[in-house]
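Data first, discussion second: the structure below is written as structure tokens.
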Amino acid sequence: MPPITTALIEDDAPFAHALLKFFNLPGSRVDCQEIYPDAEEALLQIPLNPPQVVLVDINLPRLNGIGCIARLREKCPGLLCLVLTSYDNHDSIFDALKAGASGYLLKRTPPAEIVEAIVQVCHGGSPMSPHIARQVVSFFHRSPVPQNHSTLTERERQVIELLARGAMYKEIADELVITLETVRSHIKKIYDKLHAHSRTEAVRKYRGE
């Protein structure tokens, strides 16, 4: 079976090239064709000759990895996207999966296991680092808590509407012409009022899902 064609969207050059070196060892099941340092370049180049799998970091310079995955999936519906990041919070996990990621790995995953995950996703699997899988399970084991939309202020409603669209904190601050600290304060109050612990949970409760 020919190696699985892969691309890497990663701005940490030493990490990316170390992984590339491992992927391209003789006999490897993965053929890493390209490294893109940001989402913008990836969105220009990948649709021209899509690989089978793309590994995407979340913390990219401008457009983040979650936004990149959503746009890549629009341009290349059959493309398989795996998150490879240091971020292990609920917001990042669920936002990435919602954007179209087929799996979620932490950067501390050994390279050999990353290769196994690439193979697994090509066979219909949804690989996740054990810590991430436990986070997902824990999220769904939480007891439901009554919603409380009526106490949200108009500004808090504006903030959560932007959260629901996938906006990052800085984007919310720019859109509403407020400081990042004010955004964080509003979000803390929203979480408290909706009895939520993450962006995804707050948005779901706000929408009544």
hull vol. (C-alpha, convex hull) per residue for segment 74-127, Å³ -> 75
What 222 nm value per residue comes from the helices of the chain, counting each DSSP H run with n ≥ 4 as -39,500 (n - 2.57) and dividing by all residues, nearest 500 deg cm²/dmol?
-15000 deg cm²/dmol
Quick check: the angle from helix 90-99's long axis to the longest principal axis of the chain, C-alpha only, nearest 10 degrees?
70
Helix 154-164 vs. the chain, principal-axis angle (Cα, 0 to 90°, nearest 10)
20
Neighbouring Cβ atoms within 10 Å as the yardstick, rank I160, I114 fewest first.
I114, I160
By how many degrees, between 0 and 90 and to the nearest 10, does the Cα long axis of helix 180-194 differ from the longest principal axis of the chain?
70
Fewest first, what order do M1, M168, M128 take by the number of other Cβ atoms within 10 Å?
M1, M168, M128
Kindly give Rg over Rh for the chain, based on alpha-carbon atoms, with the Kirkwood expression for the hydrodynamic radius.
1.01
Enumerate the amide H contacts of L84 below 5 Å, restricted to partners 5 or more residues apart or on another chain; note that Pro and chain-start residues carry no placed amide H.
V56, D57, I58, L105
Long-range HN-HN contacts of Y36 with modeled amide H, under 5 Å
L8, I9, E10
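Computed from the coordinates by the stated procedures, all read-outs in this text should not be read as laboratory data. In this text, all values refer to a predicted model and were calculated from it rather than measured experimentally. Because the Cβ atoms are built from the backbone with ideal geometry, glycine has one as well, and the counts that use them run over all protein chains shown.
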